[in-house]
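J.: The structure is given below, and queries will be raised subsequently.
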Amino acid sequence: MKFGQPSTLPRWAQLSVLPLLNLLAALAITGLVVWLIGEDPWECLKLLVGGAFGYGEGIGYTLFYTTGYIFTGLSVAAAFHAGLFNIGGEGQVYIAGLGVSLACYAFDSFMPAVFMVPLTIMASMLFGAAWAFMPGYLQAKRGSHIVVTTIMFNYIAAALMGYLFNRVLMEKGGTNTATRAFAEASWMPSMQQMGGWLGLTLPNTPLNASLFIALICCVLFWLVVWHSKWGFELRTVGTNEQAARFAGMNVSKVVIVAMCFAGALAGLAAVNEILGSTHRMNMTFTNGIGFVGIAVALMGRNHPVGIVLSALLFGALTQGGLDLSLDKPNITREMIIFIQGLIILFCGALENLFEPFIAPLFKRKP
Amino acid sequence: MDLLFSILESTLRAATPLMLASLAGLFSERSGVVDISLEGKILAAAFASASVAYISHSPWMGMAAGMGVAVALAMVHAFVSVTYNGNQLISGMAINIIASGLTPVLGLAWFQQGGNSPQLESDMRFHEIAWPGVDAVRDIPFIGPFYSHLISGHSIIVYLTFIIIPVVTWFIYRSRFGLRVRAVGENPHAADTAGISVARIRYTALFWGGLLCGMAGTFLSVYQTGGFIREMSAGKGFLALAALIFGKWRPVPAVIGCLLFAFFDAIQIRLEGVSLPMVGEVPSQLIQVIPYVLTVLLMAGFVGRATAPKAIGVPFVKSR
């Protein structure tokens, strides 16, 4: 049996059957672990799905988490299309949070919401892109490896933010390591609010207008990557850097711009978290969101449609998992991290693992 | 003087897991397999060794379990990278995330202490070994503190590490296996033509790497803190990887890198809240960040040039 060969299945099967089998394998192993620690996997699955989709508030939270994961998933995918593995999403979101907070500190006392919201969005994208620019530049011009640099930049971002929180950002007299609350002008309109404008009564959840921004980003992502000259360059560099160079493309520029693009997308996740939900920056607001993005992008095969679906899966896992942990104290948030790792392993590193087993089913009759 | 020696003593202590992990990475990366999963292997090993030491009342059984688990993860990585020709970076990342998710889940289910293991009692842990005559020489200037801080009073794992360093160096540069590891990492096709099984060498190299990561994890949980704490590896695997790059994928410079990074760690703890003449208080985050910044600068070729093994990260496909 030969592993690791390019897939010979029809395209639709590559995009549906294989990811589904990989997901099932990941869930089967999770079920095994759940059973090992003495819980009933089937019952847990039912509680999880019920927690994620069973009631209005649950759905709201699920979609709120989904929004953030779409942003970081798109970010990882953007870099993947240029052949770059961006592990730095976590740091980019963190620094983007700094951008959002600085913009709020500077302007939220007097600026109206009409200017404030676009301004903070710009700030998040700018800071995220700036933090991704440096690894991109070092990769393109100095030949450092993007993976190692982005890992280092995650730690540098954490230390920088730790310092800033200690010295500058933390609210005086506050008990949590968080900034002061930002003025209402900077808040993203919540879904409940927007539903109210249309006469709908929606439950009170952190779900906010960022979801629409995320969906717009997906469409733009699709247009830019598959239907623009620059997107063509991006994919060419990702597929074959030599060929791109011989075709006269400026590889360094493509790499740097791709990283900035990735950083800006990751940065938007900070808008969802900070301006959509907490309205202040907590020290731990990123909470692994950048790493979830890796799993989301791999499972969604770097395509916006796949990314939305897998972000929804992870959003449901996060929200359902939180609900589940209330009923089953043995099953905590870390269980979701474990599933995330398995999905990265099966969908990312072993993507065609089941190919040899199902390939005969697709063989054309002679 | 005493302060200096006590800083050096904590340097040694902090450097031990880094050195072990760094040498583990050396095996794997020199054979051409990128290993960013050091972190996950250390964490999983720390958990397994603390759990087994707690149950069996034997630190050695704990160490064996830690090594076993780390080797098992290394074999997963080997399956993906060698047999399956998959993406080595993604596989490494997956192992890190699996370890950081699975250890607290199992810990909570087994011990009901918020994902940590219970504090290990005295007979379940490794201890400092006092060398003969420590008390007699303690008051002699220079030699006394040197002997009591640096030579005596460490765990058996520290001493083992200092035996392992020259052994690994010899192994990599002078033994038949080491030559093959390097050949496979630089030019697998040439090695293949010479009749060496690339797959077997890479599996073996990852196996040794797993053993060393297992020791590093055991050091953290069964000796240093006396119990497993969630996320206790705290970036040590990545720091070790940074040291490996800092040492340009060579054993002795990598070990020096680890000692250097551990030294920063040791003075950072001492400098917390201390006001220095001329500069005032140095923020601890500034010192924390030095190893990472150094690595970035080195990778970028601003401080020397780090050249990776040529075939690193490229799956070996026997014939096209």
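J.: Just checking, how many residues over region B:190-214 are in contact (Cβ under 8 Å) with a residue 24 or more places away in the chain and either of a type outside the set (Asp, Glu) or within 15 Å of B:Ser22 (Cβ to Cβ) (or both)?
T.: Matching residues across region B:190-214 total 16.
J.: Here is a further query. Tell me the residue from A:Thr201, A:Thr175, A:Thr149 that is part of a helix (DSSP H, G or I) and polar (S, T, N, Q), please.
T.: A:Thr149
J.: Filter region A:277-301 down to the residues that are surrounded by fewer than 24 Cβ atoms within 10 Å (Cβ to Cβ) and assigned to a loop (DSSP other than H, G, I, E, B) and list them by number.
T.: Result: A:His279, A:Arg280, A:Met283, A:Thr284, A:Phe285, A:Asn287, A:Gly288, A:Arg301.
J.: Given the criteria of a type outside the set (D, E, K, R), within 21 Å of B:Gly115 (Cβ to Cβ) and in contact with a Ser or Thr (Cβ under 9 Å, 6 or more places away or on another chain), does A:Met299 qualify?
T.: Answer is no for this residue.
J.: Criterion first (surrounded by fewer than 17 Cβ atoms within 10 Å (Cβ to Cβ), under 21 Å from the mean Cα position of the chain (by Cα) and not charged (D, E, K, R)) does A:Phe221 satisfy it?
T.: Criteria not met by A:Phe221.
J.: Going through B:Ala24, B:Ala46 one at a time, which residue ends up being more than 20 Å from A:Ile337 (Cβ to Cβ) and touching a helix residue (DSSP H, G or I) at 6+ places or on another chain (Cβ under 6 Å)?
T.: Details: B:Ala46 fails: more than 20 Å from A:Ile337 (Cβ to Cβ).
That would be B:Ala24, the only listed residue that is more than 20 Å from A:Ile337 (Cβ to Cβ) and touching a helix residue (DSSP H, G or I) at 6+ places or on another chain (Cβ under 6 Å).
J.: What number of residues within region B:238-297 are within 12 Å of chain A (Cβ to nearest Cβ), modelled with pLDDT of 90 or more and surrounded by fewer than 16 Cβ atoms within 10 Å (Cβ to Cβ)?
T.: 0
J.: Taking the condition crowded, with 24+ Cβ neighbours inside 10 Å, of a type in the set (A, V, I, L, M) and within 11 Å of chain B (Cβ to nearest Cβ), does A:Leu345 pass?
T.: yes
J.: With the structure loaded, tell me whether A:Ile358 is more than 8 Å from chain B (Cβ to nearest Cβ) and at pLDDT 90 or above or whether it fails that test.
T.: no
J.: Considering region A:311-323 alone, what residues qualify as being of a type in the set (A, V, I, L, M, F, W, C), away from chain B (no Cβ under 13 Å) and surrounded by 22 or more Cβ atoms within 10 Å (Cβ to Cβ)?
T.: The answer is A:Ala311, A:Ala316.
J.: Out of B:Phe171, B:Phe162, B:Phe146, report the one residue that is of a type outside the set (A, V, I, L, M), part of a helix (DSSP H, G or I) and over 28 Å from B:Trp208 (Cα atoms).
T.: Result: B:Phe146 is the single residue among B:Phe171, B:Phe162, B:Phe146 that is of a type outside the set (A, V, I, L, M), part of a helix (DSSP H, G or I) and over 28 Å from B:Trp208 (Cα atoms).
J.: Criterion first (more than 12 Å from chain A (Cβ to nearest Cβ) and over 23 Å from the mean Cα position of the chain (by Cα)) does B:Ala136 satisfy it?
T.: When the stated conditions are applied, B:Ala136 passes them.
J.: Select, from B:Pro104, B:Pro132, the only residue that is of a type outside the set (Lys, Arg) and surrounded by fewer than 21 Cβ atoms within 10 Å (Cβ to Cβ).
T.: B:Pro132
Yes/no per residue for (1) more than 14 Å from every other protein chain (Cβ to nearest Cβ); (2) free of Cβ contacts under 8 Å to residues at least 60 places away in the same chain; (3) polar (S, T, N, Q); (4) surrounded by 23 or more Cβ atoms within 10 Å (Cβ to Cβ):
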{"residue": "B:Val69", "(1), (2), (3), (4)": "yes, no, no, yes"}
{"residue": "B:Ala72", "(1), (2), (3), (4)": "no, no, no, no"}
{"residue": "B:Met75", "(1), (2), (3), (4)": "no, no, no, no"}
{"residue": "B:Gln119", "(1), (2), (3), (4)": "yes, no, yes, no"}
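J.: Okay, next question. I'd like to check which helices (runs of 4 or more DSSP H) are fully inside region A:1-117 and have at least 1 residues that are of a type in the set (D, E, K, R) and under 23 Å from the mean Cα position of the chain (by Cα).
T.: Counting at least 1 such residues, we get A:56-81, A:89-107.
J.: Can you name every residue in region A:153-189 that is within 14 Å of another protein chain (Cβ to nearest Cβ) and of a type in the set (Ser, Thr, Tyr)?
T.: A:Tyr155, A:Tyr163, A:Thr177, listed by residue number.
J.: So, one more: Are any of the residues in region A:32-40 surrounded by 23 or more Cβ atoms within 10 Å (Cβ to Cβ) and charged (D, E, K, R)?
T.: Checking region A:32-40: not a single residue is surrounded by 23 or more Cβ atoms within 10 Å (Cβ to Cβ) and charged (D, E, K, R).
J.: If only one of B:Ala130, B:Ala109, B:Ala46, B:Ala53 is among the aliphatic types (A, V, I, L, M), within 22 Å of B:Ala14 (Cα to Cα) and free of Cβ contacts under 8 Å to residues at least 40 places away in the same chain, which one is it?
T.: Values: B:Ala109 fails: within 22 Å of B:Ala14 (Cα to Cα); B:Ala46 fails: free of Cβ contacts under 8 Å to residues at least 40 places away in the same chain; B:Ala53 fails: free of Cβ contacts under 8 Å to residues at least 40 places away in the same chain.
Within the list B:Ala130, B:Ala109, B:Ala46, B:Ala53, the selection yields B:Ala130.
J.: If you don't mind, another one. Given the criteria within 25 Å of the chain's Cα centre (by Cα), on the phi > 0 side of the Ramachandran plot and not acidic (Asp, Glu), does B:Gly114 qualify?
T.: Numbers: within 25 Å of the chain's Cα centre (by Cα): no; on the phi > 0 side of the Ramachandran plot: yes; not acidic (Asp, Glu): yes.
When the stated conditions are applied, B:Gly114 does not pass them.
J.: Taking A:Gly263, is it in a helix (DSSP H, G or I), away from chain B (no Cβ under 14 Å), modelled with pLDDT of 90 or more and surrounded by 21 or more Cβ atoms within 10 Å (Cβ to Cβ)? Give the steps one after another, and end with the answer.
T.: Details: in a helix (DSSP H, G or I): yes; away from chain B (no Cβ under 14 Å): yes; modelled with pLDDT of 90 or more: yes; surrounded by 21 or more Cβ atoms within 10 Å (Cβ to Cβ): yes.
Taking the combined requirement at face value, the residue satisfies it.
J.: Continuing with this model, one more query. Just one of (1) within 13 Å of another protein chain (Cβ to nearest Cβ); (2) at pLDDT 85 or above; (3) surrounded by fewer than 20 Cβ atoms within 10 Å (Cβ to Cβ) trips up A:Leu326, so point out which.
T.: With respect to (1) within 13 Å of another protein chain (Cβ to nearest Cβ); (2) at pLDDT 85 or above; (3) surrounded by fewer than 20 Cβ atoms within 10 Å (Cβ to Cβ), A:Leu326 is out only on (1).
J.: B:Ile95 is checked against (1) more than 22 Å from the chain's Cα centre (by Cα); (2) assigned to a helix (DSSP H, G or I); (3) within 14 Å of chain A (Cβ to nearest Cβ) and fails just one. What number does that condition carry?
T.: (1)
J.: Follow-up question, since we're still on this one. Out of all the residues in region A:231-251, which are over 25 Å from the mean Cα position of the chain (by Cα) and either closer than 13 Å to A:Tyr137 by Cα or surrounded by fewer than 22 Cβ atoms within 10 Å (Cβ to Cβ) (or both)?
T.: A:Asn240, A:Glu241, A:Gln242, A:Ala243, A:Arg245, A:Phe246, A:Ala247, A:Gly248, A:Met249, A:Asn250, A:Val251
J.: Can you say whether A:Lys141 is within 30 Å of A:Ala82 (Cβ to Cβ), surrounded by fewer than 16 Cβ atoms within 10 Å (Cβ to Cβ) and either out of contact with any Gly (no Cβ under 6 Å at 6 or more places or on another chain) or in contact (Cβ under 8 Å) with a residue 12 or more places away in the chain (or both), as far as the supplied structure shows? Before you say what the answer is, go through the steps one by one.
T.: Numbers: within 30 Å of A:Ala82 (Cβ to Cβ): yes; surrounded by fewer than 16 Cβ atoms within 10 Å (Cβ to Cβ): yes; either out of contact with any Gly (no Cβ under 6 Å at 6 or more places or on another chain) or in contact (Cβ under 8 Å) with a residue 12 or more places away in the chain (or both): yes.
Spelling it out, A:Lys141 is indeed within 30 Å of A:Ala82 (Cβ to Cβ), surrounded by fewer than 16 Cβ atoms within 10 Å (Cβ to Cβ) and either out of contact with any Gly (no Cβ under 6 Å at 6 or more places or on another chain) or in contact (Cβ under 8 Å) with a residue 12 or more places away in the chain (or both).
J.: Of the numbered conditions (1) closer than 22 Å to A:Gly288 by Cβ; (2) among the hydrophobic types (A, V, I, L, M, F, W, C); (3) in contact with a Leu (Cβ under 6 Å, 6 or more places away or on another chain), A:Ala158 satisfies every one except a single condition; which is it?
T.: The single condition A:Ala158 does not satisfy is (3).
J.: For region A:292-303, what are the residues that are modelled with pLDDT of 90 or more and in contact with an Asp or Glu (Cβ under 9 Å, 6 or more places away or on another chain)?
T.: A:Gly293
The values are calculated or read from the model by the stated rules, or taken from the named source; none is laboratory data. The structure displayed is predicted, hence computed values, not measured ones. Ideal geometry is used to build each Cβ from the backbone, glycine not excepted, and the neighbour counts take in all protein chains shown.
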